[in-house]
């Protein structure tokens, strides 16, 4: 297990290779004979490192843990994704002064859409993907095709742009809170090495 970032550590901590197993064995389903050295204690080291990361994840508040799992787990669950979307929606709504019931209903789907955009942008742990729906027209079209939610282009800057930004801000804030303890564990590991 390579510890390059908290995001990567979150992803990798649940992968447990068998002793002596290589990527060839995992892909091909057979052990491939090689001339290099045989099984090592790499799996034990991986387990020890992964256990520390898993322990930090387990101590997180359930919403933070669900957000992190939805973002970085190797196999995120629908429950984690839904909890993460709800957390983003709730935090974004707490930053809005007021909202009509009709707009609030559509805003819930906007928060889901923003979470999907954020996840895509940070997928792989290096935050290098561009936002595929950065243009309001593309986002509105995607919202209509994905959720059947029509968002008016009239007064977009007043009606929806601020809420979209609140959702992105909520994603950044929740993400930082979820990754901070993992980063702390990584810092301690590197300091001890």
**OP:** Taking the options 120, 109, name whichever one is modelled with pLDDT of 95 or more and surrounded by fewer than 19 Cβ atoms within 10 Å (Cβ to Cβ).
**Re:** 109
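With respect to residue 72, is the statement that it is within 17 Å of the chain's Cα centre (by Cα) and either modelled with pLDDT under 95 or crowded, with 16+ Cβ neighbours inside 10 Å (or both) true?
Values: within 17 Å of the chain's Cα centre (by Cα): yes; either modelled with pLDDT under 95 or crowded, with 16+ Cβ neighbours inside 10 Å (or both): yes.
Yes.
Keeping to the stretch 144-170, report how many residues are in a helix (DSSP H, G or I) and under 20 Å from residue 101 (Cβ atoms).
Of the residues in that region, 8 qualify.
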Original post:
Does residue 184 qualify as being within 25 Å of residue 51 (Cα to Cα) and out of contact with any strand residue (DSSP E or B) (no Cβ under 9 Å at 6 or more places or on another chain)?
Top reply: yes
**OP:** Give 138, 176 a once-over and let me know the one that is modelled with pLDDT of 90 or more, out of contact with any helix residue (DSSP H, G or I) (no Cβ under 9 Å at 6 or more places or on another chain), part of a helix (DSSP H, G or I) and farther than 22 Å from residue 107 by Cβ.
**Re:** 176
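The values are calculated or read from the model by the stated rules, or taken from the named source; none is laboratory data. This one's a predicted model, so the numbers in the text were calculated from it and none came from an experiment. Every residue, glycine among them, receives a Cβ derived from its backbone with ideal geometry; neighbour counts consider all protein chains shown.
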